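Accompanying notes for the structure given below.
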Amino acid sequence: MEKKCLSFLLISLFFIFVGDGIGKEKEVVVYTSLDQIYSEPILRGFEKETGIKVRAVYDIEATKTIGLVNRLIAERKRPRCDVFWNNEIVNTIRLKKRGILSPYNFKGNIIKGFDDPDRYWYGFAARCRVIVINKEKVVKSRSPRSILEVIDKRWKKKVCMAYPLFGTTATHMAALAEIWGIDRLINFLKLAKENKVSFVDGNSVVRDKVAKGIYCWGITDTDDVYSGIQRGMPIEMIMPDQDGIGTLFIPNTVSLIKGAPHPENGKRVIEFLLSRQTEWRLSRSGSGQIPIRYKIEPVKGIPRLDDIKVMAVDFENLADLMDTVLPQIESII
Amino acid sequence: MKRKRYKSWTIFLAAFTFFLIIVFPPVIVVIIELLKLKASSILSIGLVEPYKNSLIIASTSSLFSLMISLPLGLIFGSRSFRHPYLFIVILLIPLIVPPYLTAKSWIDLFVKTPIGGPLFCGVILSLCYFPIPLYLIVSGLRRIDSELEESALLILNRWQILTKITIPLIYPYIATGLILIFLFSITNYSVPSILGIKCLITKLYSDFSIFHNLSKSIWIAIPMIIICLFLSYLLGILIMEREFISFDISPSKGIMVSIFENHKKVVYGIVIIFLIILFPLISLFKEITSLKILAITFKDSLRSFFHTIVLSTSGSLFLSIISICCGYMFQRKKFWKNRLLNAIILFPFSLPSVLLAICITHIWNRAIFSILYDTPLILIILWGSKYLPLTIRIISDHVSQIPVEFEEAGLLSHLTQFKVFRHIVCPLLGSGFLLIFWLIYILTISEVGGTLLVIPPGIETLSIRIFNLLHYGDLKVVASTSIMLILSLLIPISFLLILKTIQTLKGKDSGSIFRKDK
Amino acid sequence: MDLYLEKINKRYGKTPVLNDINLSLKDGELLTILGPSGSGKTTLLRIIAGLERPNKGKIVISGQIANNPDILIPPQRRDIGMIFQNLALWPHMTVYENISLGLRNRKKKINNNDINKIVFQVVERFGIKRYLDRYPTTLSMGERQRVALARALVLDPGLLLLDEPFSHLDWNLKDEFLDLIKSLNTTIIYVTHQVFDILRLNSKVALLIDGKLEAIGKPEELINTTSSKAKDFLRCLSLYKDRNFNS
């Protein structure tokens, strides 16, 4: 019996050590902050097409994007990641400014406004920041139209949003800081806290709590609302501030990591992610992403890019603002 | 002669070295960071609310666990309870189902009610962890000398016997169970995270993920570290020189006085079993409406399933072997007699796995250690740093029950110390080995917080997969993947039970499955 | 095997257990150590076996120093057999496995046939051949005693130590075992607190009281001891009912 146990242990250790290392040249490491349920099928598709094994690290909702970004920063002297697939843009730019990324010449067309002119990152399949309402609790005629209504006293204790330190919510805060100024943003968040706005663990949690009727409405992303509607949740999507500052538009971005252990395989992943096929799949996946690289009609219920008033921001500036804004937000929250 | 003695003890020294390398470096990092502390820095962090919530969670969990486990323990620990093995199997279920799944089931039950908060979190955790004090209480009751009760029967009524004789005799087991629940609850990450509660552990995780600042993370953990240090000292005193957990549950042992009449026992048992144990499983599995979804999910999660089984089984096996060697050495070298040493050895177990993972990242994420840090072995280091102190203590307890004359007789039969350990002690530790193997296996499979921080790219355990999927809310996929998780937990125990059955049928019935064939 | 003990001292913490014990035993001699409970008899046996180390003193076995401040020969190399008070039979091994374990793990390897031959010889001598496949927990007390004896003697030790092994047996069985002990051709130290055993064995007796050797000699010689403690003890034992110990 002991011999059997020891044999099993040795075989397992061998497998963990060596088996894991077999064929290292046919693998690539991808860190992705897009929800696993949407990103995993795309990466599996890449594996099937190329035979290159993808070792993916997915993000958890509670520490969206920031968790992976800081992991990349912590690993910069000895990178383990080849490609960073971010579900937003500002943190990608922050990584570029810190020298974590490596430039790559994409073989396709460059899209102005969505690709880095220095070729450190490329954008594809986007989302918007939206308002999600509970249809049973909020009358359409009186539904919120602007994110400023977060501090409206009639919505006291009835609104939720994700922690403004992570993911697209953090990006949204940085965008507001650019348009309003940091002081106004901080004041806005203080008033929101006084109005008992609830800060929860992620955009999908916002959707879920609004759908359950725990809150009347919340601020989240198009993909979260869309997937909820597909599942029959009693929710609706509203494009905020169409008469004002506009809605923040956030593309996915992909970039090659500097000093990546498998750079050639990484480049192949980038080509795959920026292909028409991927953008089509993401738009047709349960997340309903908005195509930006190719002329693909979004799914029903998701607006076209041309039909939205987009918030006018400079993403490079947002990246600089993040470092200033985040610690101040943290002290309030 | 001295050289030969050292040769015999080489394997123990090697195991002890592993123990020191795995368990204590994170503790040393914590101490070093604490020494750099400035009081003003802690005050600026804003810990009042998380601290308050953590205490509410842990206290509620302990109290509720006691309310469930004490009456159940008095039922199962009585002599008239005829089916002890059945209760072991059924009561393993709450320990097998990961706490975040139980939380999800109860949240979905109260779908329209804004249920949540630290109190609810504490109740959920008590439903997951109550078998721990229950097993301890039953162990204690089965050890009570029947004459103590019999002499009291002459002068006291049933309730007086229970309150004045029985319960006071088992208070160390009750206290130990409560402390363990408190520690497990205050360091649990997954349930407060699912419920969106701001407590010390979620703040610790989020803060490190945002700022990757080791010092700040440890400062956040200070209240928890103080509580854990105090509790591990208390735990050490309570279990010092006392038999910790025993599975001697033969029907002839146990208390005579029972709190319930027979039919009431049955009703109470059925209500508890259904409500607490089966409900999370039923509410989860009713989401699976088609076999097609099940098949697709199985296919998608096969890699995670495989990783989970291999990692947890090999990790449990490796750590069990280290535990047996160290547990034997610690017991025979009388480490546990010193209270301070007791507390120091148990202390790493009381720390949250998130904090351990943060320290492990700081220590092992270097080029020279890439063979460890970049492979799943880093998970074994994490699990070892958390669970080895507890399992070593359990094995030491089992060793203490082996008369030392057995080993002395072996030495006088010209066996070396190692051969005495191999041929005489190890076979008698069969039940202890099974217990710690199982414990480590269950705990590692459902461990989330620390694992998330150190898991290498490309490796995904079922627990992490389910934890991530929970956030996207597709309950069908979650339920299907949960079936795989439960299967992964049941496969090793089924294998061992089959092995045990075969051995019993072959007539080898002296209790150990490690007996050599003639 | 000769045994020589010189000034053996042992203490547990501050409590002295053995005080300046001097003893010598010739090859083949039988010595009975007699004393009340807590007098240090078991401790003395354990020190001779090498299971404990004395604080001071020297032990010489067959002309070789087994124990002094610089040297310690471990128990497995002292060629000593011991029967413990609770017999210490390994419950997870059959009678055959209990007896043969020492033979299988010898430095100089013996093949299975030779092992079986030796084991069968010993078990036949003690009448336990039919119990070879059974486990100790399924045997009676007397049967277990025989197995313990067989296990101790199968390795042909130069010195056999017995720590009150027959205290739980009835008179008839005890009588039988004591006869068996007397018939063994090896150096033996037998520890007891019972008068019957001394009279039955009729060997040299060492009287150990409160960690000190108060008297040593044949049973009838003990009467002439000058030690008052020894006299008190012997009086309590009613060893010589008709003798007057007041002189």
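The values are calculated or read from the model by the stated rules, or taken from the named source; none is laboratory data. These numbers were taken from a predicted model, which means no experiment stands behind them. Cβ sites come from the backbone with ideal geometry, for glycine too, and all protein chains shown count toward neighbours. Side chains are part of the model used for accessible areas, which takes the heavy atoms of the whole protein and leaves out ligands, DNA and RNA. Shrake-Rupley method; radii C 1.70, N 1.55, O 1.52, S 1.80 Å.
A few remarks follow.
- Among the trypsin sites (Lys or Arg not before Pro) found in segment A:140-177, those both in a DSSP coil and sparsely packed, with 13 or fewer other Cβ atoms within 10 Å of their Cβ, are A:Lys156, A:Lys157.
- Amide proton proximity set for C:Lys204, modelled H, under 5 Å, gap of 5+: C:Leu30, C:Thr32
- Net dipole in debye of segment A:187-237 [+1 Lys, Arg Cβ; -1 Asp, Glu Cβ; about Cα centre; nearest 20]: 240 debye
- Note on B:399-412: average number of Cβ atoms from other chains within 10 Å of each residue's Cβ is 6.
- Restricting the trypsin sites (Lys or Arg not before Pro) of segment A:265-302 to loop positions (DSSP other than H, G, I, E, B) with no more than 10 neighbouring Cβ atoms within 10 Å leaves A:Lys295, A:Lys300.
- The mean sequence distance of close C-alpha pairs (under 8 Å, at least 6 residues apart), as a share of the length of segment A:263-315, puts its relative contact order at 21 percent.
- Helical content alone sets the calculated 222 nm signal of chain A at -12000 deg cm²/dmol, taking -39,500 (n - 2.57) per DSSP H segment of four or more residues and averaging over every residue.
- Applying the Karplus relation 6.51 cos²θ - 1.76 cosθ + 1.60 with θ = phi - 60° to segment C:84-99 yields 3J(HN,Hα) values of 7, 4, 9, 6, 6, 6, 6, x, 8, 10, 6, 4, 4, 5, 4, 6 Hz, where x marks Gly and Pro.
- Whole-percent carbon and sulfur share, accessible surface of the protein assembly as shown, 1.4 Å: 59 percent
- Pairwise burial C:B, computed as accessible area of each alone minus the pair, summed, 1.4 Å, Å²: 2700 Å²
- With protein chains left intact and a 1.4 Å probe, residues in the protein assembly as shown average 41 Å² of accessible area per residue.
- For chain C, modelled as a GNM whose springs connect Cα atoms under 10 angstrom apart, the maximal fluctuation among C:Thr15, C:Thr42, C:Thr187 occurs at C:Thr15.
- Table column - 3J(HN,Hα) (Hz), segment A:29-34, Karplus curve with 6.51, -1.76, 1.60, x for Gly and Pro: 10, 10, 9, 10, 9, 6
- Candidates C:Gly13, C:Gly142, C:Gly211: whichever shows maximal mean-square fluctuation once chain C is modelled as a Gaussian network with Cα springs under 10 Å: C:Gly13
- For A:Leu274, nonlocal amide neighbours, meaning residues 5 or more places apart or on other chains whose placed amide H falls under 5 Å from its own, do not occur.
- Highest-MSF residue in chain A out of A:Gly108, A:Gly301, A:Gly202 [GNM, Cα springs under 10 Å]: A:Gly108
- With 20 Å bins beginning at zero, the pair-distance distribution over Cα atoms of the protein assembly as shown amounts to 11, 35, 29, 16, 8, 2, 0 %.
- If you sort A:Tyr122, C:Tyr4 by accessible surface, 1.4 Å probe, largest first, the order is C:Tyr4, A:Tyr122.
- Extending 7 Å from the Cα toward the beta-carbon at both C:Phe196 and C:Lys58 defines two label points whose distance is 4.2 nm.
- Along chain C, the exposed loop sites are trypsin sites (Lys or Arg not before Pro) outside DSSP states H, G, I, E and B with at most 16 other Cβ atoms within 10 Å, and the longest stretch free of them is C:135-240.
- Cross-link pairs A:Lys112/A:Lys137; A:Lys267/B:Lys299; A:Lys209/B:Lys476; B:Lys337/C:Lys56; C:Lys10/C:Lys174 - those with Cα-Cα distance over 30 Å: A:Lys112/A:Lys137; C:Lys10/C:Lys174
- Near the amide H of A:Glu88, within less than 5 Å, lie the amide hydrogens of A:Thr253, all on another chain or at least 5 residues away, with H placed in the peptide plane.
- Inter-centroid distance (Cα atoms) of segment C:24-60 relative to segment B:13-33, Å: 43 Å
- Pair C:Thr226, A:Arg304: separation of 7 Å Cα→Cβ label points (nm): 12.6 nm
- Dividing the helix sum by the residues of chain C, where each DSSP H run of 4 or more adds -39500 (n - 2.57), gives a mean residue ellipticity at 222 nm of -9500 deg cm²/dmol.
- Listed by chain and number, the aspartates and glutamates whose C-alpha is less than 17 Å from the C-alpha of B:Lys164, apart from same-chain residues fewer than 8 away, are B:Asp145, B:Glu147, B:Glu149, B:Glu150.
- Estimated from the Cβ-Cβ distance and a Förster radius of 41 angstrom, the FRET efficiency linking B:Lys164 and B:Ile282 is about 0.50.
- Estimated FRET transfer efficiency when R0 is 35 angstrom, pair B:Tyr268-B:Thr501 (beta carbons, to 0.05): 0.65
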